[in-house]
Amino acid sequence: RAVGRYVLLVVVAVVVLFPVYTTVVAALKPGNKVLVHPLRPESFTLDVLRDAWTEGNLGRFLLNSLIVATVVTVAQMVTSVLSAYAFAILRFPGRTLLFGVFLATLLVPAEATLVVNRRAVDALGWLNSYQGLIVPFLATAFGTFLLRQVFLTLPRDLRDAAEIDGVGHLGFLRHVAVPLVRPTIGAMALFSFLATFNMYLWPNLITTESDMYTVQSGLRQLAQTELDRPNLVMAGVVIAALPIVLVLVLFQRQLVRGLTAGAVKG
């Protein structure tokens, strides 16, 4: 059984890593070698990465993506924590109904709201701006649902003791609730950052000026203008993936803790 499991893991790892391998190999080959033995690592050079960085203006695009992803992640954490706490701890009329309506927005595909959101952003004059890239994603129903379920696991006695000591809701949230569910918040923040950083459709809808392109839009432009240099496009993909890899390496422990929180009792 152990041999079978390891064989399965090796097969899955090969399937997952093979596209990464081919991309890296193509990104490091000079232009006259990229289609010659494409799977064989030979004639490596870093000039392709340097050319992709300068010709593709990837520095500006990466900065835009990092700004948008960071602001959206922080905003979603704040709004999700506050709304989840309200639905889990506070008692007010219509709470269950309101949460059901709030949760029903998850059933609406994101593509169904693109036209309406673009019209709203255009009416506000936010095309080709950070506001247009950020504001539609300041809150997420999934984050509220996830954190509400975690807040519901907190003992009610903690809130009662804090109330007896004169601690208000914001104080209890800051000093007790948030520290107890920090792994889940960290995992959600990581997912939010990665999803926003990799966002493709919305930035392409509202940005027409290259200065406001995110890295995904920049890669699309690079692929359209460098059809005869596939290695340059692959180099751009490798550069764009570096921040994601770095974030995953730095916060993988937080991610695992967040995903396994509550899985073991006792």
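The values are calculated or read from the model by the stated rules, or taken from the named source; none is laboratory data. The structure displayed is predicted, hence computed values, not measured ones. For neighbour counting, all protein chains shown are included, and Cβ atoms are generated from backbone atoms with ideal geometry for every residue, glycine included. For the accessible areas, the whole protein counts, side chains as well, though only heavy atoms, and no ligand, DNA or RNA atoms are used. Shrake-Rupley method; radii C 1.70, N 1.55, O 1.52, S 1.80 Å.
Candidates are the residues of the stretch 21-77 that are assigned to a helix (DSSP H, G or I) and of a type in the set (Phe, Trp, Tyr); the one that is surrounded by the fewest Cβ atoms within 10 Å (Cβ to Cβ) is 21.
Within the bounds of the stretch 95-116, is there any residue that is more than 21 Å from the chain's Cα centre (by Cα) and under 30 Å from residue 213 (Cβ atoms)? The answer is yes; a qualifying residue exists. Of the helices (runs of 4 or more DSSP H) lying entirely inside the stretch 87-192, those containing at least 3 residues that are modelled with pLDDT of 90 or more, in contact with a helix residue (DSSP H, G or I) (Cβ under 8 Å, 6 or more places away or on another chain) and closer than 27 Å to residue 70 by Cβ are 114-123, 130-134, 141-151.
One residue stands out among those in the stretch 193-211 that are open to solvent by less than 20 Å² (accessible area, probe 1.4 Å) and of a type outside the set (S, T, N, Q): the one that is nearest to residue 69 (Cα to Cα), which is 197.
All told, residue 87 falls short of being over 28 Å from residue 216 (Cα atoms), among the aromatic types (Phe, Trp, Tyr) and open to solvent by 30 Å² or more (accessible area, probe 1.4 Å). The lone criterion from (1) within 19 Å of the chain's Cα centre (by Cα); (2) on the phi > 0 side of the Ramachandran plot left unmet by residue 68 is number (2). For the stretch 213-246, filtering for residues that are in contact with a Pro (Cβ under 8 Å, 6 or more places away or on another chain) and of a type outside the set (Val, Ile, Thr) leaves 4.
Can you say whether residue 249 is crowded, with 20+ Cβ neighbours inside 10 Å and out of contact with any strand residue (DSSP E or B) (no Cβ under 7 Å at 6 or more places or on another chain), as far as the supplied structure shows? It is false that residue 249 is crowded, with 20+ Cβ neighbours inside 10 Å and out of contact with any strand residue (DSSP E or B) (no Cβ under 7 Å at 6 or more places or on another chain). Open to solvent by 60 Å² or more (accessible area, probe 1.4 Å), within 16 Å of the chain's Cα centre (by Cα) and not aliphatic (A, V, I, L, M): is that true of residue 137 in this structure? So residue 137 does not fit the description; no.
Summed over the stretch 204-216, residues that are more than 26 Å from residue 251 (Cα to Cα) and assigned to a helix (DSSP H, G or I) total 6. Restricting the stretch 143-168 to residues that are among the β-branched types (Val, Ile, Thr) and loosely packed, with under 15 Cβ neighbours inside 10 Å leaves a set whose member that is farthest from residue 186 (Cα to Cα) is 164.
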